[in-house]
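Please read the structure below before turning to the comments.
Bear in mind these aren't lab numbers, they're just calculated from the coordinates by the rules spelled out. Computed from a predicted structure; not experimentally measured. Cβ atoms come from the backbone with ideal geometry, glycine included; neighbour counts cover every protein chain shown.
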Amino acid sequence: MKIFRNCAAAMCVSVALCAPAFAQDGEAPATEMPNRNAFARDWVTVGLGAGYGPSYDGSDEYVLFPAPLVQGSVKGIDFGARGPGLYVDLIADGNSDKGVKFLAGPLLRFRMDRNGNVKDPVVRLLGKEDVAIEVGATAGVSFSKILDPFDTVTISSDIQWDVAGAHKGRIISPSIAYSTPLSKAIFTMFSLSATHVDGNYADTYFSIDQGGSIASGLPLFDAKGGWKSYGASLLGAVDLSGNARDGGWGIYGFINYSRLINDAARSPVTSLRGDASQWFMAGGVSYTF
């Protein structure tokens, strides 16, 4: 499902971004810092939540689905979920206090858009799309201590290609995020993102060919590649012990708005049967050890 792939992936990554913030020892008074810092060593966060979002990319009908969370760092190498998939940051954090960190590494994603659970009966007549297996990379840079001793600005981008022959396309997803703890227990992050796709991707998910038009009654449409969407998201996470640096149980909530543009918005699956405005909400419980 597309929403699980995009937004839940962002949510999982966002929750774990609190680790660098709470791991910094820098300029806060010693009385504000606990003796134990779970994020100063190897750590893993796992969680389970529920999401609510469109049944396909461009749908105006919404569905509930599980949204698990996995994230961690071992010997400075970060890893975590990318929706149904995984990414690894191969640049170890080290102990640098320069306030700049580079990230780069491989990612693997499974795209299940229009593969099932499409609620619109007309769009269902277009048939199921195969599950795409996308292989690529993520890269970026983060800057710490921008407005306070514990905040971070991260500029990054993912790029991946389908290797399973489902859409045979390429996706680029740049983003910028600002994250900061509001207290020892509360973390927030705001991010902006966009998605650019090639013609193969656009044709698979937004074109209507002759066969699809006859089956569904939707007009013919030849979708071109280009910028597909832009969006914004807000995440909040709360440590239930009152101190995020000791790990343990937490809760999180996430909301994302994205707007389909260009041929993704003009496609009949969106303009006639759905909505260019796409909302996603999720929340759950996590445990860090």
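General observations
- Label zone at residue 86, where the point sits 7 Å out along the Cα-to-Cβ direction: the stretch 111-126 residues whose backbone N lies under 18 Å: 111
- Förster radius 45 Å - calculated FRET efficiency between residue 279 and residue 77, Cβ distance, rounded to 0.05: 0.85
- Cross-link partners of residue 184 among lysines (Cα-Cα below 21 Å; sequence separation of 8 or more within a chain): 145
- The slack in the chain from residue 266 to residue 102, taken as 0.36 nm per residue of separation less the alpha-carbon distance, amounts to 55.3 nm.
- Placing unit charges on the Cβ atoms of the charged side chains and taking the dipole of the stretch 2-288 about its Cα centre, the candidate lying farthest along the positive direction among 176, 45, 121 is 121.
- Here is how the number arises for the chain: DSSP H runs of 4 or more residues each give -39500 (n - 2.57), the sum is divided by the residue count, and the result at 222 nm is -3500 deg cm²/dmol.
- Stokes-Einstein diffusion coefficient of the stretch 180-286, Kirkwood radius over Cα pairs, 20 °C, 1.002 mPa s, in µm²/s: 132 µm²/s
- Derived scalar couplings ³J(HN,Hα) [the stretch 263-273; Karplus, 6.51 cos²θ - 1.76 cosθ + 1.60; whole Hz; x for Gly, Pro]: 5, 5, 7, 7, 4, x, 5, 9, 6, 9, 10
- Across the chain, C-alpha contacts under 8 Å between residues 6 or more apart give a mean separation that, scaled by the residue count, equals a relative contact order of 20 percent.
- For the stretch 98-227, a simple Cβ point-charge model (Lys and Arg +1, Asp and Glu -1, everything else neutral) yields a dipole of about 440 debye relative to the Cα centre.
- Hits among lysines - C-alpha to C-alpha of residue 128 under 23 Å, sequence gap 8 or more where chains match: 2, 119, 168, 224, 228
- Amide proton proximity set for residue 185, modelled H, under 5 Å, gap of 5+: 244
- Calculated FRET efficiency for the pair residue 117/residue 42, C-beta based, R₀ 35 Å, to 0.05: 0.40
- Difference of contour (0.36 nm per residue) and Cα-Cα distance, residue 190 to residue 251: 20.2 nm
- Spin-label model distance (nm) - residue 125 vs residue 178, 7 Å beyond Cα toward Cβ: 4.8 nm
- Our coupling estimate for the stretch 64-76, obtained by passing each phi through the Karplus curve with A = 6.51, B = -1.76, C = 1.60 and θ = phi - 60°, is 9, 7, x, 9, x, 10, 9, 7, x, 8, 10, 6, x Hz, Gly and Pro reported as x.
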